[in-house]
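The values are calculated or read from the model by the stated rules, or taken from the named source; none is laboratory data. Note that the coordinates shown come from a computational prediction; the quantities given were computed from them, not determined experimentally. Here the Cβ positions follow ideal geometry from the backbone for every residue, glycine too, while neighbour counts run over all protein chains shown. To get the accessible areas, we keep the full protein, side chains included, count just its heavy atoms, and leave off ligands, DNA and RNA. Shrake-Rupley method; radii C 1.70, N 1.55, O 1.52, S 1.80 Å.
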Amino acid sequence: VSSKMTGDPLKAERRAAIEAIEEFPLASPWAWEDSAQAGPYYSERECLAQAGTSDGLVLILEDEITPITRRELQAAQAAGVPIFVMLKTGFTRNAELDGLVKRVRGEGNITANFSSPGELKTRLAKAVRTLTWRSWREQMLHRRQAAGSPASNEVSAEDFGGVEVGAGEDGSMIKISELVARAERQVENGDAAGAL
């Protein structure tokens with residue numbers, strides 16, 4: 001989690017970002033506030049090392065990007081980690097920051113506007129969940145491709161036909177292929193609502 005630090009203008013926003021990440025399973029934020037040796041005891045080199053070896057970088061920006069934050073962004077980009085650019089509304093951004101935001105967004109990273117720490121927390125939590133789902137989906141498609149299955153979104157009953165699910169008030173198990181066949185019969189008999 002990174003932001004402009006001089007004068008500590010974004011402390012509440014950094015706290016909100018830390019909380020959003022902490023709520024996500026298997027995630028642990030690194031930020032000045034949560035470090036045992038916070039503040040001036042950390043070197044720029046340590047900040048760059050964290051940005052370049054973390055699983056993601058959250059940049060909280062107002063009107064400008066500071067030199068250290070710019071270098072953290074470069075370290076994260078060089079490492080190929082996802083970047084979340086959170087833009088506080090109500091500020092006129094300088095040309096450098098506008099260009100940077102457009103470039104980062106064009107590279108497929110997540111950008112979002114926020115007006116309060118609470119909104120930042122909500123938007124960042126959603127962004128992290130979205131990234132996780134995208135990653136999961138990508139891995140699934142790679143596995144399908146490696147197995148020789150079509151990588152498209154099209155699936156057929158054969159893909160899941162042998163899988164059983166609980167389908168009944170008594171909790172009995174039924175194969176998905178049978179459940180689909182049962183629903184198709186209901187639709188043919190004019191009971192689409194029942195099939196649904």
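Condition first: open to solvent by 80 Å² or more (accessible area, probe 1.4 Å) and either touching a strand residue (DSSP E or B) at 6+ places or on another chain (Cβ under 8 Å) or of a type in the set (D, E) (or both). Can you find one or more residues in the range 55-70 that meet it?
yes
Which of the residues that make up the range 88-101 are touching an Asp or Glu at 6+ places or on another chain (Cβ under 8 Å) and either crowded, with 19+ Cβ neighbours inside 10 Å or of a type in the set (G, A, S) (or both)?
Passing the criteria: K88, L97.
When you scan the range 37-49, do you find a residue that is open to solvent by less than 80 Å² (accessible area, probe 1.4 Å), among the small types (G, A, S) and at pLDDT 75 or above, even just one?
Yes.
Anything in the range 72-87 that is open to solvent by 10 Å² or more (accessible area, probe 1.4 Å) and of a type in the set (A, V, I, L, M)? List them, or say none.
Scanning the range 72-87 gives A75, A78, A79, V81.
Scan the range 91-112 for residues that are of a type in the set (D, E, K, R) and either within 21 Å of D55 (Cα to Cα) or modelled with pLDDT under 85 (or both) and jot them down.
R103, R105, E107
May I ask you to list pairs of residues, at least six apart or on different chains, whose Cβ atoms are under 8 Å apart, with the first in the range 60-72 being assigned to a helix (DSSP H, G or I) and the second being surrounded by fewer than 20 Cβ atoms within 10 Å (Cβ to Cβ) and acidic (D, E)?
Close Cβ pairs (under 8 Å, with a partner that is surrounded by fewer than 20 Cβ atoms within 10 Å (Cβ to Cβ) and acidic (D, E)) amount to I68/E44; R71/E44.
Count, please, the residues in the range 90-114 that happen to be part of a loop (DSSP other than H, G, I, E, B) and more than 21 Å from the chain's Cα centre (by Cα).
Selection size over the range 90-114: 5.
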